[in-house]
Amino acid sequence: MKLQRLLRHIVTPAWWVRRRFSAADRKAIEAAIAASESRHRGELRFVAEGPLHPWLVLRGLSPRQRAVDLFGTLRVWDTEENSGILIYVQLVDRKVDILADRGIAARVPQAEWDTLCRSLEQAFKAGSYRQGVLAALERATVLLHTHFPAAPGNANELPDAPLIL
């Protein structure tokens, strides 16, 4: 299994991830994040990544571990209310992970985020990349609005544009 994963990451070209999320798709995702954040105090960050460096795969870096690394590197944790959420998509491994900062995690159980991850993985499996992400963002919006409704002066602390690696 480890060898298969390594081969998938080696033979998948770096540009492959951009074909799954066109410029129009990225604009739609950015607009959906901006609209979402106007309804709650959470800060969403969407990252989709293609092939990992072979050394990371050989070391056994899981998609979850990569999401944790990016959560720190992208400073998703660095929001005033500890309300950052990272939606990480590892396209080669076909895995989605959602990490919520402690302010959100205290109110929204991880099981809710895990359910959202599995539905997003199913959408990707069906080839519905844009629609899958937009539906996941809408579901996240409902969860966040319930627990972190918008307040006056709701600052935008993280970039809304999706990051494609």
Seminar exercise, completed: 1/(1 + (r/R0)^6) with r = Cβ-Cβ of Asn156 and Asp69, R0 = 25 Å, i.e. FRET efficiency to nearest 0.05, evaluates to 0.55
Problem set entry | the chain - Kirkwood radius from inverse mean 1/r over Cα pairs (Å) | 16.1
Exercise. So, with +1 on the Cβ of K and R and -1 on the Cβ of D and E, and no other charges, what is the size of the charge dipole of the stretch 61-165 about its Cα centre, to the nearest 20 debye?
Worked result: 420
Problem set entry | Contact order relative to length of the chain, as percent, for alpha carbon pairs under 8 angstrom and 6 or more apart | 35
Problem set entry | At least 24 Å along the helix axis (C-alpha) and Kyte average at least -0.5, DSSP helices within the chain | 129-147
Exercise. Can you give the extra length, in nm with one decimal, that the chain gains between Glu112 and Ile10 once fully stretched, where that is 0.36 nm per residue apart less the Cα-Cα distance?
Worked result: 33.4 nm
Problem set entry | Length added when fully stretched, Arg18-Lys2, from 0.36 nm per residue minus Cα-Cα | 3.2 nm
For this session: Compute the distance in nm between two label points, each set 7 Å from the Cα along the Cα-to-Cβ direction, one at Glu30 and one at Leu61.
Result: 2.6
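Bear in mind that the values in this text are calculations on the coordinates, not laboratory data. What you are looking at is a predicted structure, and each value in this text was computed from that prediction instead of being measured. Cβ sites come from the backbone with ideal geometry, for glycine too, and all protein chains shown count toward neighbours.
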